[in-house]
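Everything on this sheet refers to the single structure shown next.
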Amino acid sequence: MEHKLSNFEFNLPVPIYFGVDSTQKLPEICKKFGTNILLVTSKNISHIEKKILFILENSYFSIESLYLESPEPPCSYIDSTAKELSSKKFDCIIGLGGGSAMDMAKSLSIALTNSEPIWSYA
């Protein structure tokens, strides 16, 4: 039996800021959304995380950090993390680091605002 794939497009536009001192823009960017921030990152870049926390905490933001347990988080991890965080309200989610942190941040932004398992949105 031959399977045919349908053509499709998938677009999830998110801003990505890159460059020297781009972290200094965070307070201005985040204040558009609110004051409660979830920072998704990995422990191996804690020196950068400390800089981010300093910048944001001095601008009166409330920040919670989430450290990735693995470089490629499976859907089950995204769903369980969203369930653990569901009682909290985040106005802004920042993915700090490489692709896994940014993918997890994007996935959580979907999972925290929708009731279906994350795979339903793939």
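The values are calculated or read from the model by the stated rules, or taken from the named source; none is laboratory data. Note that the structure is predicted; figures quoted are calculated from it, not measured. A quick note on method: Cβ atoms are made from the backbone with ideal geometry, for glycine too, and the neighbour counts reach across all protein chains shown. Note: areas computed on protein heavy atoms with side chains; ligands, DNA, RNA excluded. Shrake-Rupley method; radii C 1.70, N 1.55, O 1.52, S 1.80 Å.
Equivalent-ellipsoid semi-axes for the chain (Cα gyration tensor, √(5λ), whole Å, largest first): 28, 16, 15. Working ranking of peptides 20-26, 97-103, 38-44 by packing, defined as the average number of other Cβ atoms within 10 Å per residue, highest first, is 38-44, 97-103, 20-26.
Per DSSP H run of n ≥ 4, the term is -39500 (n - 2.57); total these for the chain, divide by its residue number, and report the mean residue ellipticity at 222 nm rounded to 500 deg cm²/dmol.
Values: 4 runs with 41 residues, N = 122.
That comes out to -10000 deg cm²/dmol.
Distant-in-sequence amide contacts of GLY95, defined by a placed amide H-H separation under 5 Å and a gap of 5 or more residues or a different chain, comprise VAL40.
How big is the charge dipole of region 45-106 about its Cα centre, in debye rounded to the nearest 20, if each Lys and Arg gets +1 on its Cβ and each Asp and Glu gets -1 on its Cβ? Show your work: numbers first, answer last.
Numbers: 6 positive and 9 negative charges, 35 e Å.
Roughly 160 debye, rounded to the nearest 20.
Leaving out ligands, DNA and RNA, and with a 1.4 Å probe, what % of the accessible surface on the chain is carbon or sulfur?
Details: 4780 of 8750 Å².
On the chain, the fraction of accessible area on carbon and sulfur atoms equals 55 percent.
Which part of region 57-76 falls in the paramagnetic zone of ALA122, meaning amide N under 13 Å from the point 7 Å along Cα-to-beta-carbon? So the set is 73-76. When the chain is described by a simple charge dipole with +1 on each Lys and Arg Cβ and -1 on each Asp and Glu Cβ, the residue from MET104, PRO74, PHE54 located farthest towards its positive end is PHE54. Each of the chymotrypsin sites (Phe, Trp or Tyr not before Pro) that DSSP puts in a loop and that has at most 11 other Cβ atoms within 10 Å breaks the chain; the longest unbroken stretch is 61-122. Using the beta-carbon distance between LYS89 and VAL14 and R0 = 25 Å, what value does 1/(1 + (r/R0)^6) give for FRET efficiency, to the nearest 0.05? The computed FRET efficiency comes out at 0.80.
How about region 64-122: which GluC sites (Glu not before Pro) there lie in a loop by DSSP and see at most 12 other Cβ atoms within 10 Å?
Working: sites: GLU64, GLU69, GLU84; in loops: GLU69.
Those satisfying the criteria are GLU69.
Measuring between alpha carbons in the structure, the pairs from LYS31/LYS89; LYS32/LYS83; LYS31/LYS51; LYS31/LYS83; LYS25/LYS88; LYS25/LYS51 lying more than 20 angstrom apart are LYS32/LYS83; LYS31/LYS83; LYS25/LYS88.
Suppose all protein chains stay in the model; what accessible area per residue would a 1.4 Å probe give for the chain, in Å²? Don't skip to the answer; put the middle values down first.
On the way: 8750 Å² over 122 residues.
Spelled out: the 1.4 Å probe surface of the chain, per residue, equals 72 Å².
Rounded to the nearest whole Hz, the Karplus-based 3J(HN,Hα) values (6.51 cos²θ - 1.76 cosθ + 1.60, θ = phi - 60°) of region 30-45 follow the sequence 5, 5, 5, 9, x, 10, 9, 10, 9, 9, 9, 7, 10, 5, 6, 10, with x at glycine and proline.
Select from region 69-122 those trypsin sites (Lys or Arg not before Pro) which occupy a DSSP coil region and have at most 11 other Cβ atoms within 10 Å, ordered by residue number.
Values: sites: LYS83, LYS88, LYS89, LYS106; in loops: LYS88, LYS89.
Answer by residue number: LYS88, LYS89.
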